[in-house]
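Each remark here refers to the structure printed beneath this line.
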Amino acid sequence: MHQMTLAEIARGLADKKFSSEELTKVLLARITQLDPQLNSFISLTEELALKQAKAADVRRANGESGALLGAPIAHKDLFCTQGIRTSCGSKMLDNFKAPYDATVVAKLAAAGAVTLGKTNMDEFAMGSANESSWYGAVKNPWNLEHVPGGSSGGSAAAVAARLLPAATATDTGGSIRQPAAFTNLTGLKPTYGRVSRWGMIAYASSLDQGGPLARTAEDCAILLQGMAGFDQNDSTSIDEPVPDYSASLGDSLQGLRIGVPKEYFSAGLDPRIAELIQNSIKELQKLGAVIKEISLPNMQHAIPAYYVIAPAEASSNLSRFDGVRFGHRCEQPKDLIDLYKRSRGEGFGPEVQRRIMVGAYALSAGYYDAYYLKAQKIRRLVKNDFMAAFNEVDIILGPTTPNTAWKLGAKNSDPVAAYLEDVYTITANLAGLPGLSMPAGFVDGLPVGVQLLAPYFQEGRLLNVAHQYQLNTDWHTRTPTGF
């Protein structure tokens, strides 16, 4: 049962081959047995899961249907879940139980999805390796000595190890797509504003976006269908009709114009990954796609711009964690200043502290124009590059990451080296565009992902291309040994 995709689970439940309760018990037992190797979960919600599964079975017995009705999933541990710990991977929120459900959690629950638990993540979503979590590093099921990617590494590792069919995740600079590439999954970052951020604890408010992680594009379409939509509680949510993402999966790729940026194939890209990307291009050409070389000239400036904007927003967002209202509070503070200093110093880990300090510096009176304002100007140039490119092509294709997953601890002494691994993913967040990573092969036994980018609100186009590719390749069907 654990090998089934979301789509297969939906068909099995509809055909009464098994119940949601039976499936939920199987997966909960599997998580208990195998997750100690991975550390992909922070909290298991067994009581809630069984309650939701039984309710889903009753709804089906009463004639209801739906692809997510009775389907087991998990939530990245920054989506607020009522009465359940929502930690953000941080000691700061280790004792925080959310008083309400995030919109994404509420929407998926209403659709009948069963929540198995909350997945591990880089602390406050800050990281590319899932090593900054206060609950310990997550391990990659393809090689337990390697990272699963971050910050949604817990969701990625759990799905890749077949502990569950799909999970929610978030992407601020590549945190859905990069873990998907590292663990042989399909991961989709929707257009900024497509999925509500209400109840999703913020890292960088103008960059964060929730999305699905699953094994196939078909499953991502199912999960995104349940997540997407306008939310009046979120001022950044966009009131745009949500199409039926599954309906367009079978569309032909004949005549589809695919742009391949020349800047993607620079000296920093592992040549073995470059070869796999070229192979994926050839597969899409066989399906009727037309390839065109394009240019994204400001891509080289994206990483420095991102690592000014994101920490600046983080320093503002995380100022609320002060030891006063909720979260970690130090013991016996001498006065208010001592309370602030020690609560934040004890509650936040090194990577979060580093980014808060960088952000506060960039926003300070003497440096705002030199750093933050300049970074925002570069952001606009990056967006303009994409707008010009999409006048010529329908989607953009390239590698998701320049290298495969590195060994645990390999980049801990050099944070900038880890930042540079986000070179291909960050631009989509700066521009607010939808992006998808799908499996494209292996290098030294570790998965490689190919990234697709599309114009605003064209998630359906990305899912269609990925689905057609997956009908003609089998990379996404490979399972890590031992799982």
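Residues whose amide H lies under 5 Å from that of GLY117, counting only those 5 or more places away or on a different chain, are THR45, HIS75; hydrogens are built 1.01 Å from N in the peptide plane.
Leaving ligands, DNA and RNA out of it, report the carbon-plus-sulfur percent of the accessible area of the stretch 266-381 at a 1.4 Å probe.
Ligands and nucleic acids excluded, carbon and sulfur give 56 percent.
Looking at the chain, the DSSP beta bridges with both ends there are about 70 percent antiparallel.
Under the combined filter of DSSP loop state and at most 16 neighbouring Cβ atoms within 10 Å, the stretch 1-82 retains these trypsin sites (Lys or Arg not before Pro): LYS16, LYS17. Within the shell defined by Cβ-Cβ distances under 15 Å, the residues around LEU116 carry a net charge of +2, with Lys and Arg each +1 and Asp and Glu each -1.
Gyration tensor over the Cα atoms of the stretch 204-262: the corresponding equivalent ellipsoid has semi-axes (square roots of 5 times the eigenvalues, largest first) of 25, 17, 13 Å.
Using each residue's phi in the stretch 288-305, evaluate 6.51 cos²θ - 1.76 cosθ + 1.60 at θ = phi - 60° and report the 3J(HN,Hα) Karplus result to the nearest Hz, with x for Gly and Pro. Once θ is set to phi - 60°, the couplings for the stretch 288-305 become x, 6, 10, 9, 9, 6, 10, 10, 10, x, 8, 4, 4, 8, 5, 5, x, 5 Hz. Overall shape: oblate for the stretch 392-483, with the ratio a/c of the largest to smallest alpha carbon gyration tensor axis at 1.5 or above and b/c at least equal to a/b.
Just going by the charge dipole of the chain, with Lys and Arg at +1 and Asp and Glu at -1 on Cβ, which of GLY327, VAL147, GLY366 is farthest out on the positive end? The residue sitting most towards the positive pole is GLY327. Around the Cα centre of the stretch 340-483, unit charges on the Cβ atoms of Lys, Arg, Asp and Glu (plus for the first two, minus for the last two) sum to a dipole of about 660 debye. Summarised as an ellipsoid, the chain has semi-axes of 31, 29, 20 Å, derived from the eigenvalues of the Cα gyration tensor scaled by 5 and square-rooted, with the largest first.
Set the Cα radius of gyration of the stretch 234-290 against 2.2 N^0.38 Å, with N its number of residues, and you get 1.63. Taking the Cα centre of each part, how many Å lie between the stretch 237-274 and the stretch 340-363? For the stretch 237-274 versus the stretch 340-363, the Cα centre distance is 36 Å. When Rg and the Kirkwood Rh are both derived from Cα coordinates, the Rg/Rh ratio for the stretch 1-90 amounts to 0.99. The simple Förster model, with R0 at 41 Å and r as the Cβ-Cβ distance, assigns LEU44 and ASP369 a FRET efficiency of 0.25. Simple rule: put +1 on each Lys or Arg Cβ and -1 on each Asp or Glu Cβ in the stretch 376-483, find the dipole, and look at ILE378, ASN472, ILE395; the Cα lying farthest toward the positive end is ILE378.
Here's the picture: a label point sits 7 Å out from the Cα of ASP251 along the beta-carbon direction, and within the stretch 272-316 the residues with their amide nitrogen under 16 Å of it are 288-290.
Expressed as a fraction of 2.2 N^0.38 Å, the C-alpha radius of gyration for the stretch 157-288 is 1.18. Extension gain, LYS407 to ILE337: 0.36 nm times the residue separation minus the Cα-Cα distance gives 21.2 nm. Pairwise inverse Cα distances across the stretch 347-456, averaged and inverted, put the Kirkwood hydrodynamic radius at 16.5 Å. Note that the stretch 432-437 has calculated 3J(HN,Hα) couplings of x, 7, x, x, 9, 10 Hz, one per residue in order, obtained from phi through the Karplus relation 6.51 cos²θ - 1.76 cosθ + 1.60 (θ = phi - 60°); glycine and proline are x. Note on the chain: dipole from Cβ charges, positive end direction compared against GLY345, ILE238, ALA181; the farthest Cα belongs to GLY345.
Given +1 at the Cβ of Lys and Arg, -1 at the Cβ of Asp and Glu and no other charges, the dipole of the stretch 114-241 around its Cα centre is 300 debye to the nearest 20. Averaging the sequence gap over all C-alpha pairs within less than 8 Å and six or more residues apart, then dividing by the number of residues, gives the stretch 121-162 a relative contact order of 40 percent.
For the stretch 278-332, the alpha-carbon coordinates run over 68, 25, 14 Å along the three principal axes, in decreasing order. Seen from every direction in turn and averaged, the convex hull around the alpha carbons of the stretch 243-362 projects onto 12.9 nm².
Once the chain from GLN376 to ASN472 is taken as fully extended at 0.36 nm per residue, the excess over their C-alpha distance is 30.5 nm.
Taking the Cα centre of the chain as reference, the dipole from Cβ charges on Lys and Arg (+1) and Asp and Glu (-1) amounts to some 320 debye. Rounded to whole numbers, the Karplus 3J(HN,Hα) couplings from phi for the stretch 9-22 are 5, 4, 5, x, 5, 5, 8, 6, 6, 7, 9, 4, 5, 4 Hz, using 6.51 cos²θ - 1.76 cosθ + 1.60 with θ = phi - 60°, and x at Gly and Pro. Take every pair of alpha-carbon atoms less than 8 Å apart whose residues are at least six positions apart; their mean separation over the length of the chain yields a relative contact order of 18 percent.
Could you sort out which of LYS51/LYS107; LYS189/LYS292; LYS54/LYS107; LYS118/LYS341; LYS25/LYS51; LYS262/LYS383 sit more than 22 Å apart by Cα distance in this structure? Pairs exceeding the cut-off: LYS189/LYS292; LYS118/LYS341.
Going by Cα centres, the stretch 455-483 and the stretch 376-420 are how many Å apart? Answer, in whole Å: 20.
Site pair ARG59 and GLN37 shows an inter-label distance of 3.3 nm when each label is modelled 7 Å from Cα along Cα→Cβ.
Computed on the stretch 106-218, with alpha-carbon pairs under 8 angstrom and 6+ residues apart, the relative contact order is 23 percent. Once the 1.4 Å probe is applied to the protein heavy atoms, the stretch 357-434 comes out at 44 Å² accessible per residue.
The values are calculated or read from the model by the stated rules, or taken from the named source; none is laboratory data. What you are looking at is a predicted structure, and each value in this text was computed from that prediction instead of being measured. Cβ sites come from the backbone with ideal geometry, for glycine too, and all protein chains shown count toward neighbours. In case anyone asks, the SASA skips ligands and DNA or RNA and just uses the protein heavy atoms, side chains included. Shrake-Rupley method; radii C 1.70, N 1.55, O 1.52, S 1.80 Å.
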